[in-house]
There are 2 protein chains.
Amino acid sequence: MLRCLSCSLALLALPLTAIADPLPSWNAGPAKTAIIEFVDSVTDPASGQFVPVSDRIAVFDNDGTLWSEQPLPFQLSYALDMVKQRAAEDPSVLTSDALKAAAEGDFAAVRETGSDGLLEVMGISHANITPSAFKASAKEWLTTTDHPTSGLTYAEMTYQPMTELLRYMRDEGFTTYIVSGGTLFFMRSIADEVYGIPPSQIIGSIGTMTYSVVDGEPTLTKDGGALFVDRGPDKPVGIMNHIGQRPIFAAGNTDGDFEMLEWVTAGEGARFGMLIHHTDGDREFAYDRESSVGSLNRGLDEADSRGWLLVDMAEDWARIWSGME
Amino acid sequence: MLRCLSCSLALLALPLTAIADPLPSWNAGPAKTAIIEFVDSVTDPASGQFVPVSDRIAVFDNDGTLWSEQPLPFQLSYALDMVKQRAAEDPSVLTSDALKAAAEGDFAAVRETGSDGLLEVMGISHANITPSAFKASAKEWLTTTDHPTSGLTYAEMTYQPMTELLRYMRDEGFTTYIVSGGTLFFMRSIADEVYGIPPSQIIGSIGTMTYSVVDGEPTLTKDGGALFVDRGPDKPVGIMNHIGQRPIFAAGNTDGDFEMLEWVTAGEGARFGMLIHHTDGDREFAYDRESSVGSLNRGLDEADSRGWLLVDMAEDWARIWSGME
């Protein structure tokens, strides 16, 4: 709120165009308009849709919504690299078909071993490591490893329009949470830096961890197990456990986000559901119904009837990645 | 920050005694002094102990630290009442010795059935209920049920000195979390109202929950199972999962809080560990080493050598309960 009359007058004297566009990487069009209209309506005390700050909670999927997820979700690429690295040090760690396939970087073969195989591969990078050491390893990998096709590091492949949206919503009194199938400390390794989201506002899959005093030092150690997998119908569960209330805004991009959007947008009052549709094969990756990673079917079929915004990346985004010149 | 010169001058003109005591229910003495000195040192940018707001994280056990826990932790009394209530409607729910003992209010007999029996009794009140309905039931019970000896409802038995401490620390830029063995939605039922702690800042035991669409309505349903029990060495685990960083201040009152204090106070920089010692049999309950509920042994033995503040309730608190006249 402005605190002096002369400030208010000074603002009134500015031409309207001088008020900064909060979403410069979004092209003018119905998507950008819908977002701004929603934010305006819930933040205007005179609007019938006004929502107090304590209820302005927005949740965002991460893979494919805030950063890219092709050809593999980044944490899976990281896990494969870690299996390879550990196997190079000690080949006896490759105790299963899933781990052997992972060490060869053959994700298709890992997938054939089913969800147990996947958890085993993910588990290796989470075994016998402190959360701090895990975060440091993830951060180093994300910020120094080149993505196979983009010419950028993984950390540079966050979506610039979405980082603007996060900041814009926070400026308007929202609390922004990540709600991802990825694990907590993988995202925490860079989320504050790249998204402005602090560690306490990360919801994700939770690995098991134990407390002990090692050489006189109280120590938490991740042991490679999984306590909670934050996917599909368990996303509303993870949100309710962590936040304790239903958000009013949800963004996702796959059918793994369907229940989150369904639950969030079914609440009373103003609600907003957003699905990022990966339509830009030139600048990013084009995929939806048939993709083995990040498939979107039910969301495409029902977005219209449910009033969810389908963001057309090719059409709606002036720029894709934050790390792009 | 004061925004006008005349305000600053007005403040300077006040006698020092007119500056409000942030902890009026704490008697003058070493405990109160130690708390204020710690807060002053971490909030003064000129102090060598300065801690930025993002790291000013304080965690508080609930039972026996923020509200009473005798003759039974309140959530256990609630669970026994709920078993009794369900059994009155349908006696066939009493399928085990633990549940039969619970229906008779015989906690000693419940305890004899071991931790499985305890979880079963706790589970009944969490089975087949939405988080909202559970919260409403817990709130009604806490605010309308009379405690057996105090003459107050359970909700009135929060500690006035601790609610003042929570508010004081938040005013000084701290984020205050509850870290309890109690379950999330039991505490969330009144924590915002009685402690000023919002639902997202509650860490506790986590019940299992499933998502489904019931009669067209997206619905979360608690099913009575336990995902995570937030006790002893698992308190640091729960904190790290939820907050993602080590707090600088921890308060507890039993050996179930030992590891939390040990971990918090072992971090670098300014740290504060506090144990509430229940010394006041006249105004509250006097118990420590031999108590079947809330026993404190190792904490009493080691508080001094670890530099933890042992709060003497009889000596240090001018008032006990918030609901007391």
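The values are calculated or read from the model by the stated rules, or taken from the named source; none is laboratory data. Keep in mind it's a predicted model, so treat the numbers as computed, not measured. Using ideal geometry, Cβ is built from the backbone for each residue, glycine included, and neighbour counts are taken over all protein chains shown.
Before moving on, here are some points about what is shown:
- Within this structure, A:S212 passes the test of being of a type in the set (G, A, S) and under 25 Å from B:Y177 (Cα atoms).
- Selected residue (criterion: nearest to B:E69 (Cα to Cα)) from residues of segment B:97-113 that are surrounded by fewer than 14 Cβ atoms within 10 Å (Cβ to Cβ) and over 24 Å from the mean Cα position of the chain (by Cα): B:D106
- Only one entry in B:Q70, B:Q85, B:Q49, B:Q75 is among the polar types (S, T, N, Q), crowded, with 19+ Cβ neighbours inside 10 Å and farther than 23 Å from B:E164 by Cα, namely B:Q75.
- Across segment B:52-67, the qualifying residues are those that are surrounded by 21 or more Cβ atoms within 10 Å (Cβ to Cβ) and of a type in the set (G, A, S), and the one among them that is farthest from B:G269 (Cα to Cα) is B:G64.
- Yes/no for B:Y154 being at pLDDT 95 or above, within 14 Å of another protein chain (Cβ to nearest Cβ) and touching a His at 6+ places or on another chain (Cβ under 9 Å): no
- All positions within segment B:252-268 that are small (G, A, S), at pLDDT 95 or above and over 21 Å from B:T163 (Cβ atoms): B:G256, B:A266
- Any chance B:I206 is in contact with a Leu (Cβ under 7 Å, 6 or more places away or on another chain), without any contact (Cβ under 8 Å) to a residue 60 or more places away in the chain and farther than 13 Å from B:D61 by Cα: yes
- B:L76 vs. criteria without any contact (Cβ under 8 Å) to a residue 60 or more places away in the chain, under 30 Å from B:D316 (Cα atoms) and in a helix (DSSP H, G or I): yes
- A single entry from B:A286, B:A270, B:A226 fulfils the requirement of being closer than 26 Å to B:Q75 by Cα and either in contact with a Gly (Cβ under 7 Å, 6 or more places away or on another chain) or touching a residue at least 40 places away in the same chain (Cβ under 8 Å) (or both): B:A226.
- For segment B:190-201, the set of residues classified as within 17 Å of B:P73 (Cα to Cα) and either free of Cβ contacts under 8 Å to residues at least 40 places away in the same chain or surrounded by 22 or more Cβ atoms within 10 Å (Cβ to Cβ) (or both) consists of B:A191 only.
- Looking at A:G181, A:G207, just one residue is more than 13 Å from the chain's Cα centre (by Cα), closer than 21 Å to A:K135 by Cα and either away from chain B (no Cβ under 12 Å) or crowded, with 22+ Cβ neighbours inside 10 Å (or both), and that residue is A:G207.
- Per this entry, B:Q75 is counted among residues that are modelled with pLDDT of 95 or more, under 24 Å from the mean Cα position of the chain (by Cα) and polar (S, T, N, Q).
- Segment B:211-253, subset of a type in the set (V, I, T) and under 21 Å from A:R188 (Cβ atoms), residue surrounded by the fewest Cβ atoms within 10 Å (Cβ to Cβ): B:I243
- Residue among B:S132, B:S115, B:S54 that is within 28 Å of B:F174 (Cα to Cα), of a type outside the set (D, E) and assigned to a helix (DSSP H, G or I): B:S54
- Residues in segment B:135-148 that are touching a residue at least 12 places away in the same chain (Cβ under 8 Å), surrounded by fewer than 21 Cβ atoms within 10 Å (Cβ to Cβ) and either within 20 Å of B:S189 (Cβ to Cβ) or polar (S, T, N, Q) (or both): B:K135, B:A136, B:S137, B:K139, B:T143, B:T145, B:H147.
- Single unsatisfied condition, A:V293 versus (1) within 21 Å of A:G151 (Cα to Cα); (2) out of contact with any Pro (no Cβ under 8 Å at 6 or more places or on another chain): (2)
- Residue in segment A:130-141 that is among the hydrophobic types (A, V, I, L, M, F, W, C), closer than 24 Å to A:I276 by Cβ and within 14 Å of another protein chain (Cβ to nearest Cβ) present: yes
- B:T176 vs. criteria in contact with a Lys or Arg (Cβ under 9 Å, 6 or more places away or on another chain), of a type in the set (S, T, Y), in contact (Cβ under 8 Å) with a residue 24 or more places away in the chain and within 12 Å of chain A (Cβ to nearest Cβ): no
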